[in-house]
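What follows draws every value from the coordinates through simple rules; no lab data is involved. Every value quoted in this text rests on a predicted model; they were computed, and no experiment measured them. In this analysis, Cβ positions are derived from the backbone assuming ideal geometry, glycine residues included, and neighbour counts consider all displayed protein chains.
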Amino acid sequence: MKKESISVFDIFKIGVGPSSSHTLGPWRAALRFLDSIREYGIDKVSTVQVLLYGSLAKTGIGHGTDVAVLLGLCGEDPVTFDVNQITPRMQWVVEQRKIMLGGEAEVNFNPAADIIFLYTESLAMHPNALTFLCTFSDGQHIAETYYSIGGGFVLKEGEGTSAGTVVDLPFPVDKSSELLHWCMKTGLSISEVVMENEHAWRNEPETREGVLNIWRTMRDCIYRGCHVQGELPGGLHVNRRAAALNKKLLKGRTYNNYEEWVMAIRDGGSGFQYTLDWVSCFALAVNEENASFSRVVTAPTNGAAGVVPAVLQYYIAFCDGFDDEHIIRYLLTASEIGSIFKKGATLSAAMGGCQAEIGVSSAMAAAALTECLGGTPRQCMMAAEIAMEHHLGLTCDPVAGLVQVPCIERNTMGSIKAITASQLALQSNPDHAKVSLDAVVNTMWQTAQDMNHKYKETAEGGLALNFPINLSEC
């Protein structure tokens, strides 16, 4: 079996909402296809078409898949593209029926005809598949198929099953038992093992700065989401709640920036209900931003982007975790748990239901919080196991194919479960644990394989069928 080496920056990717598998993945696939076009010559392109299969077709409109592939073909970077320009850019393409391919050549392109939604067709390898077709003025043509396999990871047909790079790591880890082995042998914590492995890609100062940049993006997303009111796009008429909750909880306390906001939150006390409301507020804020095509961090996916930052924000506001060292430890630990689930199961809701998104993110946050609160590596893994154990079988049934109902609230639930799992592990002896993290990873994958396809991000089952609306209006 080909080993897969996954960096912290593979698990945590800066991108644009609302979906890592349906937005960020197709966007990155389009950028890769653009590289292939360049080998032939962008100035020679006559036509470009995109075929969307399976889940990408069924929930692609609600997830902005069509928008993502267009921006990717235009050569835009999801990390830096100004999200405020999405709507005007799309309006120009629709009106002019042209795209600026790679930002270099104007090519005729009618989104209504050239992005084809194949609702009844799926490819065998993965339900999130898309094919790019391109013809050139000299009669040549190319076609490439990509699979968006969850968390923004993309595979080109023929590449095999590994989405990560293969490098020689000092402490290779595919399973939690291997991670525990290295921790016990070296005396290092989980985050320290991860940092040593990251040296295979870059030096420690670069890793630290990169991780802090991930946090800054998460932080800005939380803060922005707590101060923006209005209705989410898409036609469900879902009102944003985080801003109103933020205002209610602060009770008139004033602030001018993020740091003062944290102090204002702390000044409100640490009662159970107060703390619980804030954790929900943090998670709501992130995923309301995600649903608004704003900038978020996959953690490990966009649909579950609120859990890891919400629990970290809880740690910062209520557990004295407001320093760079603790933030770095938290995110490194979380990333390693995410990579174990990626290798042993899936991060794709189209493959495994929402247990692969909210369940994994809750496990990541639980382990990370446990390490930062002084837990041992075994307690961290116990916390991750507890969090996932109580998400097993969770379906993905987005109403109208939008990452809003029930997705946004599920992030609040995953956050609370992560904190609860951490507390249970910290108050427990892992020697007495009945279920290992590896066992729950295997169980999650078995459950994913048994799950009916209609509960795997197709909007064909569950709440997506029983919600009292006219879906044609969305």
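The table below gives the values:
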{"read-out": "Lys/Arg +1, Asp/Glu -1 at C-beta; the chain dipole; positive extreme among SER176, LEU249, SER348", "value": "LEU249"}
{"read-out": "Rounded to the nearest 20 debye, dipole of segment 176-473 from Cβ charges on Lys, Arg, Asp, Glu", "value": "560 debye"}
{"read-out": "Counting DSSP beta bridges with both ends in the chain, the antiparallel % (nearest 5)", "value": "85 percent"}
{"read-out": "3J(HN,Hα) from dihedral phi, segment 350-355, Karplus parametrisation 6.51/-1.76/1.60, rounded to Hz, x for glycine, proline", "value": "6, 9, x, x, 6, 4"}
{"read-out": "Under-5 Å amide H pairs with SER46, H placed in peptide plane, nonlocal only", "value": "THR135, PHE136, SER137"}
{"read-out": "³J(HN,Hα), Karplus 6.51/-1.76/1.60, whole Hz, each residue of segment 246-251, x for Gly, Pro", "value": "4, 5, 5, 6, 6, 6"}
{"read-out": "Charge dipole of segment 8-156 about the Cα centre (unit charges at C-beta), most positive-ward option of VAL45, VAL93, ALA105", "value": "VAL93"}
{"read-out": "By average C-beta atoms within 10 angstrom, highest first, the peptides 136-142, 6-12, 347-353", "value": "347-353, 6-12, 136-142"}
{"read-out": "Packing-based order for 79-85, 226-232, 20-26, using average beta carbon neighbours within 10 Å, highest first", "value": "20-26, 226-232, 79-85"}
{"read-out": "Inter-probe distance in nm under a simple model that places probes 7 Å from Cα toward Cβ, at ASN466 and ALA143", "value": "4.1 nm"}
{"read-out": "Gain in span if fully extended, VAL83 to ALA439, counting 0.36 nm per residue against the direct Cα distance", "value": "124.1 nm"}
{"read-out": "Förster-model FRET efficiency, 30 Å R0, MET125 and GLU178, C-beta, rounded to 0.05", "value": "0.65"}
{"read-out": "Electrostatic dipole magnitude of segment 235-314 [Cβ: Lys, Arg +1; Asp, Glu -1; Cα centre; debye, to 20]", "value": "200 debye"}
{"read-out": "Fully extended contour minus Cα-Cα distance, from GLN449 to TYR258, at 0.36 nm per residue", "value": "64.4 nm"}
{"read-out": "Highest to lowest packing among 434-440, 301-307, 444-450, scored as the average C-beta count within 10 Å", "value": "301-307, 434-440, 444-450"}
{"read-out": "Two-site label geometry, ARG32 and THR420: point separation in nm, points 7 Å out along Cα→Cβ", "value": "3.9 nm"}
{"read-out": "Amide hydrogen neighbours beyond the local backbone of ILE115, cut-off 5 Å, H modeled", "value": "VAL50"}
{"read-out": "Extension gain, LEU133 back to THR47 (0.36 nm per residue minus Cα-Cα distance, nm)", "value": "30.2 nm"}
{"read-out": "(i) 40, 29, 21; (ii) 63, 26, 18; (iii) 35, 26, 21, with the label sought being that of the calculated semi-axes √(5λ) of the Cα gyration tensor in Å", "value": "(iii)"}
{"read-out": "Size of charge dipole - segment 96-187 - debye, nearest 20, with Cβ of Lys, Arg +1 and Asp, Glu -1, no other charges", "value": "280 debye"}
{"read-out": "Efficiency of FRET from Cβ geometry, GLN229 and LYS156, R₀ 56 Å, rounded to 0.05", "value": "0.85"}
{"read-out": "10 Å-binned pair-distance histogram of segment 20-134 (Cα, whole percent)", "value": "14, 50, 32, 4"}
{"read-out": "Backbone HN-Hα couplings from phi across segment 299-315 [Karplus 6.51/-1.76/1.60, Hz, Gly and Pro as x]", "value": "8, x, 10, 6, x, 10, 5, x, 5, 4, x, 5, 5, 5, 5, 4, 4"}
{"read-out": "Computed helical MRE - 222 nm, the chain, DSSP H runs ≥ 4 contributing -39500 (n - 2.57), nearest 500", "value": "-15500 deg cm²/dmol"}
{"read-out": "Computed log₁₀ I(q)/I(0) - Debye formula, equal Cα scatterers, no solvent, segment 384-451, q 0.28 Å⁻¹", "value": "-1.20"}
{"read-out": "Over segment 59-116, relative contact order from alpha-carbon pairs under 8 Å, at least 6 apart, %", "value": "32 percent"}
